[in-house]
1. Could you tally the net charge around Gly53, taking each other residue with its Cβ under 11 Å from the Cβ of Gly53, Lys/Arg +1 and Asp/Glu -1?
2. For labels at Arg237 and Glu101 in the simple 7 Å Cα→Cβ model, what's the distance in nm?
3. Using only Cα atoms and rounding to the nearest 10 degrees, what angle (0 to 90) does helix 184-193 make with the longest principal axis of the chain?
4. Using mean Cβ contacts within 10 Å as the protection proxy, how do 428-440, 257-269, 339-351 order, highest first?
5. For a protection proxy built on the mean count of beta-carbon atoms within 10 angstrom, sort 302-310, 232-240 highest first, please.
6. Can you pull a Stokes-Einstein diffusion coefficient for the stretch 279-428 at 4 °C (1.567 mPa s), Rh from Kirkwood over Cα pairs, as a whole number of µm²/s?
7. How large is ³J(HN,Hα) for each residue in the stretch 86-101, as worked out from phi by the Karplus curve 6.51 cos²θ - 1.76 cosθ + 1.60 (θ = phi - 60°), to whole Hz, x for Gly and Pro?
8. With axes computed from alpha carbons, what is the tilt in degrees of helix 368-379 against the longest principal axis of the chain, rounded to the nearest 10 within 0 to 90?
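No value in this document is a laboratory result; all are computed from the given coordinates. Because the structure is predicted, anything quoted here is derived from the model rather than measured. Every residue, glycine as well, gets a Cβ built from its backbone with ideal geometry; the counts of neighbours run over all protein chains shown.
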Amino acid sequence: MGIEGWPIPALEADVPAVECPAHVLQWIDALPSEILDIVSTVAQNGGGIWVVGGAVRDVCLGIEVHDIDFAVSLEPEHMMQIFPDAVPTGIDFGTVSLRGEEAFYEATTLRIESNYTDGRRPEQVRWGTSLSEDLERRDFTINAMAIDVARKVMHDPHHGIQDMERGLIRAVGQAYGRLSEDALRILRAYRFLDRGKAGIWDFDFELSEALRQNAHKLKVVTNERIWMEWLKILNGRNVAKVVEKMAHDGVLDTFLPGNWASQHVLLSALQHPYVRDFDGLTRFALLLCETFSIEVDEALVGLKLSKKERNHILDLHQRFGQLPTTSTSSLRVFRAVLGEKAELHLQLEVVTRSHNLSPSMGGSEEKVDDVYALLEKLENLPPLKAGHSSLVDGHWIMQRTGLPKGRALGKLKTWLHRIQIERDLASEEEIEDVLCSLHWSEENYLDWPVLQFPE
Ligand code: ATP
Ligand code: MG
């Protein structure tokens, strides 16, 4: 495909070119024309441009590429001039986002970084023209390759392709020094071990040693950056193996409460077949099931999770160990309160009980088989005739009871709602019969049943 001479070859790299594997050539041939236009525009303005980073890694591995990043030799201001609708998303670090039909493409000016003094960020950023230096500052060999789209060649000065063939994560340059410069690379290393369906890779010897020696330096990395990488690790397909290795190497202890190297049982819970379908947040909750809720909350606040993420985990955490009874009415209430999380909760109970974990909140005595029975019963529980919302409102109850607005009225409404769900009532008349049978005028409303799980 493609017209002769299009895209226009841009500035040549200062790194030797290597041939692209056949499937990479196919990928280049199928690139959308807007990418070829971007390459040509940079070329016409005397610059060099290469696809770099995760896209090159993923295309070489035969994985779907989700976003394409470029390295360019033109300075960011120059890029803004020749791409008038570009957005200066990170201009101080040399990044502008180029608008495509369906996606944005990040183009980052080649740079030379120096003077990492705090183990976090380079102190200065200087623009360079050397692809070689740009690739040298990248973390791992598989992330330090580039594709020249117009010439259809690759640049792989650190032998990333060879490492891919051997299934190895290796640092660019000296592992110890590279991890000290930016300790987040420690977490990135573990993330890249997980190759999804292709299983799990290894660290080369030098990196493996350096990871253990530098683990404590993660403490200087900002919590937002830690959380971003940790969540990606948690979402990985081979989470159990990666997390076990992190525990063993002393990495988990640097940002999670507890002593992880000895937590074999907890770690092995991640191998349970149900865990494959859990999302990262649920897996995190499971890992923390034996940790006291105060500590869990502290850890989540510390890691700067969003409120939504935090609530999801705390919600699961406070229910660990709790089960509905096997009665249909109890299961109906359980389902009404938890909604789509009802099944997830029971699955978590299967996992914790089959590994004899002791939730920090305590819990009921039932065994795994009892939970499987509940799961089956839940699956076969017909939907409620009138759905989950209350059939009557406060006004309706006021008219029949003469109760004024206030706590008692609210509590009576909840009580009726609970009974409606327990008995699968479908009409106002049925609710009215129930109301007549309740001794609501004689009792203390604080003791009336509520609609919640656990009770
Ligand atoms: P993903 O597919 O998850 O986005 P990625 O490799 O593209 O993975 P990014 O965080 O998007 O990861 O980074 C893009 C590229 O920038 C990486 O491939 C790597 O070359 C480089 N990079 C990112 N973070 C670092 C870092 N902390 N140290 C060195 N190089 C890094
Ligand atoms: Mg990326």
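1. Taking every other residue near Gly53 into account, the sum is -4.
2. Simple spin-label model gives 3.0 nm for this pair.
3. It works out to around 80 degrees.
4. 339-351, 257-269, 428-440
5. So the peptides 302-310, 232-240, ranked by packing, come out 232-240, 302-310.
6. 74
7. 5, 10, x, 5, x, 4, 5, 9, x, 9, 10, 9, 9, 7, x, 4
8. Between the helix axis and the principal axis of the chain, the angle is about 80 degrees.
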